Amino acid sequence: MLASVNTLVIAGVEALPVKVEVDVHAGLPAFDIVGLASVAVKEARERVRAAIKNSGYKFPNQRLTVNLAPADIKKEGTHFDLAIAVGILAATGQLSAPPAKGTFMAGELSLDGTLRSVPGILPMSLRLSRHLPGSVFVVPAPNKVEAAVSDSITVIAASNLQHICEHLEGTVVIPPVPTVDFSALHNSQGHPDFAEVRGQESAKRALLAAAAGMHNVLMIGPPGGGKTMLARRFAGILPPMSREEVLDTTRIYSVANLLSSDRPLILSRPFRSPHKNASAASIIGGGKVPRPGEISLALNGVLFLDELPEFNRDVLEALRQPLEDRIVTVARAQATYTFPASFCLIASMNPCQCGLLGTDVECRCSPLQVQRYLNRISGPLLDRMDIHLEVPRIKYEDLTKASAGLTTAVMKDSIIKAREIQDKRFSDRPGMLNATMGSSEIKQHCRLGDEANHMLQMAFKHLHMSARAYDRVLKVARTIADLESSQRILVQHLAEAIQYRSLDRKYWHC
């Protein structure tokens, strides 16, 4: 007898429909799974066998063949267990009412029939809601909030195999999971306040501009100046995430299996800070079965690379393409996977290996050592940093003064107003910010007066700017003008933006 059950498979961060076809026929007892199944999928044979028996059903003493169609797509994961088990019960007649055509199932089975949570439920739910509205999606109970993000599908959350089988037969009714009300969700995660950072008001001002337009920042300064403190407070001044941003970010964490029942949705902007010894695959993404890396986990948030020159050179060079294209592509023999990589890069480094270059304490590094240390950062990568920020040693007077300077609340209010201006400017391109403007948008929205144009011409010549640096100066100047609610880029806005591009000439002598 033949039965089929619908499920889905994760390819990168997207979900594709898969049909689980189960054929039970006479012959020597066997259980085969075909259709380009991985080892984890083939291990489902033992889990499904034990779960069916321990749920009070009979496992057929016949020849079983399970086909996962289409057969040319690699099947990874343990979420096929539920569909395979229900398909076997339907094919052997133990289910009087097999799943309807529009029903999809995903879940891992324990040996006692309990349903365990699985990664990738959110991409599956989004696929069904966008391409197959009206579908019924059966998921494990721990994944119910993650799945119920759209009212265009019906989500059924079950705790075990027997529970879902009784629901299919009509003896038990499992109520649908209510759709998630995003307006009622609140981000409980707090962020440290910029008021705790004494002094460094110029650095706060630069980070204010960076957050308003999502510009990349490179901070250079001696140890103890507050670079890490500034970076760790940066995510706190970013505006609240929209519904689309929450879904896009949570989708990445779902695929990476980093969600839990007490944190089913990512409501706050991510702050990722990988160690300097992290591999290229862990930061960029990849592996035998490609998974999103740190740059994708930082989607719509912040990626902080502390001690930038200490990272592997291959890792740093691999950042160049994602910083430009906002996506990262991982190619494999069987398929090519694309992961989103739209994030704000905050990097910090010392001016030399001992960190004392340019301070009132004598530097212990020779000129050759200094140059070798700085040369770990290539010119093309440096060119992709919109703001180059010097963070000097803090003075005693700044540490002891009563005024805290700019606070997180004040900075966040200014940034939200600047973002509202950008939303109106790019109303035909939702989600676009100043940092992501292309050549046509720069030409349209970054026009300069005669005086400002002359200033930029002189800076371009004396600072030996590249075409990329020229564009980034204009983007930062546009953001600074937005912070002051100015429709035009004035001379003072451009001068501040040029100042943020001059430190590479001080240290690298470009």
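A few points about this structure:
- Normalised contact order of segment 98-147, rounded percent, pairs of Cα under 8 Å and 6 or more residues apart: 45 percent
- Relative contact order of segment 18-88: 53 percent, from C-alpha pairs under 8 Å at least 6 residues apart in sequence.
- With every protein chain in place, segment 258-330: carbon and sulfur % of accessible area (1.4 Å): 46 percent
- Fully extending the segment from Ser502 to Ala97 would add 138.7 nm, taking 0.36 nm per residue of separation and subtracting the current Cα-Cα distance.
- Heavy atoms of the protein chains alone define the surface here; on that basis the chain has 44 Å² accessible area per residue at 1.4 Å probe size.
- Proximal charge balance of Met124 [Cβ under 12 Å; K/R count +1, D/E count -1]: +1
- To the nearest ten degrees, helix 121-131 and the longest principal axis of the Cα atoms of the chain are 80 degrees apart.
- Anchor Lys461: lysines whose Cα lies under 30 Å away (excluding residues fewer than 8 positions away in-chain): Lys204, Lys443, Lys475, Lys506
- For segment 127-165, the list of trypsin sites (Lys or Arg not before Pro) that fall in a loop by DSSP and count at most 11 other C-beta atoms within 10 angstrom is empty.
- Taking amide H positions as modeled 1.01 Å from N, with prolines and chain starts lacking one, the residues under 5 Å from Val328 and 5 or more places away or on another chain are Phe339, Ala341.
- Highest average first, the peptides 74-80, 151-157 ordered by how many other beta carbon atoms sit within 10 Å of their residues are 74-80, 151-157.
- Within the accessible surface of segment 1-118, defined with a 1.4 Å probe on protein heavy atoms only, the carbon and sulfur portion equals 54 percent.
- Over the chain, DSSP H runs of length four or greater, each weighted -39,500 (n - 2.57), average out per residue to a 222 nm ellipticity of -10500 deg cm²/dmol.
- In straight-distance terms, cross-link reach from Lys75 covers every one of the lysines whose alpha-carbon lies under 30 Å from its own, apart from those fewer than eight places away in the same chain; here that gives Lys19, Lys42, Lys53, Lys58, Lys101, Lys144, Lys288.
- Counting only alpha carbon atoms, the long axis of helix 81-91 and the longest principal axis of the chain meet at about 20°.
- Using θ = phi - 60° in the Karplus curve 6.51 cos²θ - 1.76 cosθ + 1.60, the 3J(HN,Hα) couplings for segment 327-341 round to 9, 10, 10, 10, 9, 10, 4, 8, 6, 10, 10, 10, 10, x, 8 Hz; x is entered for Gly and Pro.
- Listed values for segment 429-434 are Karplus-derived 3J(HN,Hα) couplings in whole Hz (6.51 cos²θ - 1.76 cosθ + 1.60, θ = phi - 60°), namely 10, x, x, 6, 10, 4, and x replaces Gly and Pro.
- Note: relative contact order over the chain, using C-alpha pairs below 8 Å and six or more positions apart, is 13 percent.
- Residues whose placed amide H lies under 5 Å from that of Val138, excluding near-sequence neighbours: Phe104, Met105, Ala106, Ile156
- Straight-distance crosslink candidates among aspartates and glutamates, where the alpha carbon sits under 18 Å from Lys401 and sequence neighbours closer than 8 are dropped: Asp193, Glu196, Glu201
- Label positions at Val289 and Ala40, each projected 7 Å from the Cα along the C-beta direction, are separated by 0.3 nm.
The values are calculated or read from the model by the stated rules, or taken from the named source; none is laboratory data. Computed from a prediction, not measured in an experiment: that's the story for all the values here. Virtual Cβ from ideal backbone geometry, glycine too; neighbours counted across all protein chains shown. Note: accessible area is taken over every heavy atom of the protein model, side chains too, but ligands, DNA and RNA are not part of it. Shrake-Rupley method; radii C 1.70, N 1.55, O 1.52, S 1.80 Å.
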